[in-house]
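Below is one structure, written out as structure tokens; comments come after it.
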Amino acid sequence: MSPREVRLPVAWGELAGLRRESPGQPRVIALHGWLDNAASFLPMLPHLPGLDLLLLDLPGHGRSAHLPVGTEYGLTTHVHAVLDAADALGWERFALLGHSMGAAIASLVAVADPSRVERLALIETLGPLSEAPGNTASRLQQAVAASRVRGAGPSVRVFPDLGLAVRARMQANQLDQANARLLVERGTRAVAGGYVWSSDPRLTRPAPTRLAEPQVQALLAAIPCPVRFLGAEPAQSYFPEAVRDARLAVVPDATVAVIAGSHHLHMDQPATVASFYHGFLAG
């Protein structure tokens, strides 16, 4: 069964997503990576039968609304968005399937509201990005300066046709044409002269703060539910093997696997990735 488009009302606007309903089956919310969208999980969908699924467009991504002017895209904003989406569906408890930034958000949801998250299926990331305390002041300065820029802001690239946008995603993310097109078709909107990315340009601004690594590990140590983590080899520069292993060591109940692949391994190898998670998510 193909997923259907859904719109979920929230206090500041509307969250969009793709819904494959299987009443009475385990409930799962899938969270995509930074500047991706719900279509990121479409290749896995045929390999995840028997699950009641919501593939969510996070705020400012895909077809979800942008946050109001004057607000920021912090990780806690996304945590609230996930809980708001679950509330809109009437889901008290659910599992989370996350890729990259979506996996970081899923980790935080499990800590912030542990009574609601049954299990975590994480791809390529565990916990949020961290930073050495010595960078704290400069990061805040850069973030405030970027948010206070007045005027038209950076120019928006207009693609005369979707094929050019697909090629741009292929080059940026090491994706094949079919997978890049999935993300592009959900992640663009038509304008005069062609297409532009539908994601909020503010998503590319630097975050004003990041936690130090000991703080991240303290959060991960508080995850009460079972965790399954799948990483790609070679590891991403933002999440090197040493950091990955140190974080996994503090999670109370974690199962880990690493396979050869690229960052979007859930799109490149959907059957393999789904086989690692399906029984776990099905409970």
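The values are calculated or read from the model by the stated rules, or taken from the named source; none is laboratory data. Note that the structure is predicted; figures quoted are calculated from it, not measured. Reconstructed Cβ throughout: ideal geometry from the backbone, glycine too, with neighbour counts over all protein chains shown.
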Only one of GLU92, GLU118 is in a loop (DSSP other than H, G, I, E, B) and closer than 17 Å to LEU53 by Cα; which? GLU92
Selected residue [closer than 18 Å to ALA39 by Cα and buried (at least 16 other Cβ atoms within 10 Å of the Cβ)] from VAL243, VAL250, VAL273: VAL273
Find the residue count for the stretch 127-182, including only residues that are part of a helix (DSSP H, G or I), touching a residue at least 60 places away in the same chain (Cβ under 8 Å) and more than 30 Å from VAL216 (Cα to Cα). 2
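Would you confirm whether or not the stretch 242-255 contains a residue that is over 18 Å from PRO128 (Cα atoms), modelled with pLDDT of 95 or more, not β-branched (Val, Ile, Thr) and not in a strand (DSSP E or B)?
yes
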Restricted to the stretch 168-205, and to residues that are in contact with a Ser or Thr (Cβ under 7 Å, 6 or more places away or on another chain) and modelled with pLDDT of 95 or more, which residue is surrounded by the most Cβ atoms within 10 Å (Cβ to Cβ)? LEU183
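Please enumerate the residues belonging to the stretch 50-80 that are of a type outside the set (Val, Ile, Thr) and free of Cβ contacts under 8 Å to residues at least 12 places away in the same chain.
Hits for the stretch 50-80 are GLY70, HIS80.
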The listed residue being at pLDDT 95 or above and under 19 Å from ALA212 (Cα atoms), out of PRO128, PRO114: PRO128
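For every residue, the table says whether it meets (1) surrounded by fewer than 18 Cβ atoms within 10 Å (Cβ to Cβ); (2) polar (S, T, N, Q).
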residue: THR76; (1), (2): yes, yes
residue: ALA86; (1), (2): no, no
residue: ARG93; (1), (2): yes, no
residue: ILE105; (1), (2): no, no
residue: LEU129; (1), (2): yes, no
Give the residues of the stretch 208-241 that are touching a Leu at 6+ places or on another chain (Cβ under 9 Å), within 21 Å of GLY279 (Cβ to Cβ) and either in a loop (DSSP other than H, G, I, E, B) or at pLDDT below 95 (or both), sorted by residue number. ILE223, CYS225, PRO226
Please verify whether ALA86 is of a type in the set (Gly, Ala, Ser), assigned to a helix (DSSP H, G or I) and farther than 19 Å from ASP113 by Cβ, treating the condition exactly as stated. no
Quick check on the stretch 4-13. Is at least one of its residues crowded, with 16+ Cβ neighbours inside 10 Å, touching a residue at least 12 places away in the same chain (Cβ under 8 Å), in a helix (DSSP H, G or I) and not aromatic (Phe, Trp, Tyr)? no
